[in-house]
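Here's the structure we're looking at; comments come further down.
The values are calculated or read from the model by the stated rules, or taken from the named source; none is laboratory data. Source: prediction; values computed, not measured. We place every Cβ from the backbone using ideal geometry, glycine too, and count neighbours over all the protein chains shown. Calculation scope for accessible area: heavy atoms of the full protein, side chains included, ligands and nucleic acids excluded. Shrake-Rupley method; radii C 1.70, N 1.55, O 1.52, S 1.80 Å.
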Amino acid sequence: MSQRQVLQGVVCLLRPLLLDVVPSIRQTTALALGRLADCDVELAEAVVKAGILPQLICSLPEENRYYKKAAAFVLRAIAKHSPQLAQAVVQCGALEMLVICLEDFDPGVKEGACWALEYIARHNPELSQAVVDAGAVPLLVLCIQEPEIALKRIAASTLSDISKHSPELAQTVVDARAIAYLAQMIPNPDAKLKRQVLSALSQIAKHSVDLAELVVEAEIFPVVLICLKDSDEYVKKNGATLIREIAKHTPELSQLVVNSGGVAAVVDCIGSCRGTVRLPGIMTLGYVAAHSEDLSMAVIVSKTKKALKSILQKCTYLPALEPLLHEAPPGILKHIIGQFSKVLPHDSKARRLFVTTGGLKKVQEIKAEPGSLLQEYINTINSCYPEEIVSKTLHNLMTRSVPFALKESFVFTDAE
């Protein structure tokens with residue numbers, strides 16, 4: 001007799017224990033059945049064939065919380081293997097019991113029910129529709145508002161799996177006002193929760209222009225762009241996926257992504273990732289660029305800026321950078337000034353040339369916001385010179401060149 005046959009015999013022996021008068025025995029039996037079903041599809045089939053499911057759920061509403069969690073685990077363990085086994089779980093009346101568990105006071109019972117519902121809904125549209133018809137969606141939306149992070153995660157994941165199959169199912173989730181609550185959780189510090197929230201919004205937005213616009217109206221920009229800088233790779237991936245699913249629909253939605261700084265953020269994200277995590281970002285740029293010539297140019301400019309920024313950060317030959325002080329746009333100028341602030345404190349010859357060529361004068365002309373990174377760069381450059389030199393430069397800003405008197409008064413010592 002094989003080990004699997006032995007285990008199948010164990011399943012039959014466990015069945016009567018589900019009716020034991022001792023609650024702890026019923027609970028332990030359910031847990032054992034769940035573990036057997038979880039590890040092997042044939043054992044899961046054995047549990048179904050043994051007629052255990054109706055027996056498992058017949059008195060579920062009256063059982064204690066420990067038994068409810070164990071029973072939900074059995075249903076989840078069976079449903080995960082295939083659509084056929086998930087359908088068997090549905091046919092035995094489990095959905096109604098799981099929905100009742102979503103209303104339980106214990107967060108662990110709610111979490112167990114969410115897990116089981118997710119493993120049923122994920123397989124196909126018919127099973128997802130069965131979950132919807134059982135009245136689960138409004139209760140799942142309530143679950144994402146609960147304080148327990150683990151419950152929020154699995155509830156959001158379940159909503160994602162329901163939404164992914166069709167526009168109609170996604171609309172059901174939208175009608176339950178899920179978008180607003182999901183959008184509010186994007187800044188949450190828990191990475192696993194953010195993954196599921198971004199996934200759910202992506203699965204809603206992907207189906208149609210109307211659904212994508214509803215997601216945008218929940219004010220996900222620019223907060224979703226912060227996710228592209230997250231330390232968690234899957235938060236980055238799911239954030240880029242959400243932007244992709246919005247941008248692909250119309251030029252107007254792509255323009256909104258561009259206007260919010262989304263293209264530049266996606267370009268940075270692609271540069272910071274490796275492997276398949278980069279794919280949604282690459283596809284996003286493709287969708288945006290495909291809509292029109294203007295949007296294509298926006299993608300090109302963003303990618304060019306990224307490359308130029310990388311080059312500037314490696315350039316320490318200041319004579320090559322100095323002409324750019326007078327011609328570069330503000331977004332690039334910051335990085336040029338940054339390079340001068342790195343090199344000038346350590347190069348006396350460069351400091352001298354920077355004054356005589358008008359570089360210091362140009363720096364004084366730049367209007368930077370107090371406390372900004374650009375202002376810090378300017379302060380670093382100014383600190384390289386005697387205060388009277390900076391003052392005279394400011395005094396002569398209206399002239400076209402640095403006066404000869406200023407050049408003569410700038411005396412360098414050998415130590416410099």
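Would you mention how many residues in region 175-197 are in a helix (DSSP H, G or I) and either over 15 Å from Thr158 (Cβ atoms) or modelled with pLDDT under 95 (or both)?
Quick first cut of region 175-197, residues in a helix (DSSP H, G or I) only: 175, 178-184, 191-197.
Now narrow it down to the ones that are either over 15 Å from Thr158 (Cβ atoms) or modelled with pLDDT under 95 (or both): 175, 179-180, 183-184, 191, 194.
Here the count works out to 7.
Would you check if there is a residue in region 256-278 being over 30 Å from Pro189 (Cβ atoms) and of a type outside the set (Gly, Ala, Ser)? Lay out the reasoning, then the answer.
Of the residues in region 256-278, the ones over 30 Å from Pro189 (Cβ atoms) are none.
No, region 256-278 has no match at all.
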Would it be correct to say that Lys314 is out of contact with any strand residue (DSSP E or B) (no Cβ under 6 Å at 6 or more places or on another chain), open to solvent by 70 Å² or more (accessible area, probe 1.4 Å) and either among the charged types (D, E, K, R) or in the same structural domain as Ile282 (by the TED database) (or both)? yes
Residue by residue through region 384-395, note down the ones that are under 14 Å from Gly358 (Cα atoms), open to solvent by less than 50 Å² (accessible area, probe 1.4 Å) and not hydroxyl-bearing (Ser, Thr, Tyr). Ile389, Val390
Which residues, counting only those in region 218-255, are acidic (Asp, Glu), in contact (Cβ under 8 Å) with a residue 12 or more places away in the chain and either touching a Cys at 6+ places or on another chain (Cβ under 6 Å) or open to solvent by 60 Å² or more (accessible area, probe 1.4 Å) (or both)? Glu219, Glu233
Within region 112-135, which residues are buried (at least 22 other Cβ atoms within 10 Å of the Cβ), within 25 Å of the chain's Cα centre (by Cα) and within 19 Å of Gln171 (Cβ to Cβ)? Leu117, Ala121, Ser128
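Which of the helices (runs of 4 or more DSSP H) found entirely inside region 323-383 contain at least 1 residues meeting this: aromatic (Phe, Trp, Tyr), open to solvent by 20 Å² or more (accessible area, probe 1.4 Å) and touching a residue at least 24 places away in the same chain (Cβ under 8 Å)? Let's see the steps before the verdict.
Working: elements: 330-343, 348-356, 359-365, 373-382.
Helices (runs of 4 or more DSSP H) meeting the threshold: 373-382.
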When Leu98 is evaluated against the numbered criteria (1) crowded, with 20+ Cβ neighbours inside 10 Å; (2) within 27 Å of the chain's Cα centre (by Cα), which criterion, by number, is the only one it fails? (2)
State which residue is nearest to Glu62 (Cα to Cα) when the search covers only region 13-44 and only residues that are more than 42 Å from the chain's Cα centre (by Cα) and loosely packed, with under 14 Cβ neighbours inside 10 Å. Pro23
Restricting region 166-198 to residues that are crowded, with 18+ Cβ neighbours inside 10 Å and touching a Ser or Thr at 6+ places or on another chain (Cβ under 6 Å), which is farthest from Val131 (Cα to Cα)? Gln196
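Can Lys349 be described as assigned by the TED database to the domain that holds Val258 and either of a type in the set (Ser, Thr, Tyr) or at negative phi (or both)?
Values: assigned by the TED database to the domain that holds Val258: no; either of a type in the set (Ser, Thr, Tyr) or at negative phi (or both): yes.
Taking the combined requirement at face value, the residue does not satisfy it.
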What's the number of the only condition in (1) over 19 Å from Leu285 (Cα atoms); (2) aliphatic (A, V, I, L, M); (3) in a helix (DSSP H, G or I) that Leu253 fails to meet? (1)
Number of the exception - Ala240 against (1) under 28 Å from Val90 (Cβ atoms); (2) in a helix (DSSP H, G or I): (1)
The helices (runs of 4 or more DSSP H) lying wholly within region 25-89 that contain at least 3 residues that are touching a Gly at 6+ places or on another chain (Cβ under 6 Å) and of a type outside the set (Gly, Ala, Ser) are 65-79
Name the pairs: first residue in region 270-283 and open to solvent by 60 Å² or more (accessible area, probe 1.4 Å), second residue at pLDDT 85 or above, Cβ to Cβ under 6 Å, at least 6 apart or on different chains? Arg278/Ile270; Met283/Arg244
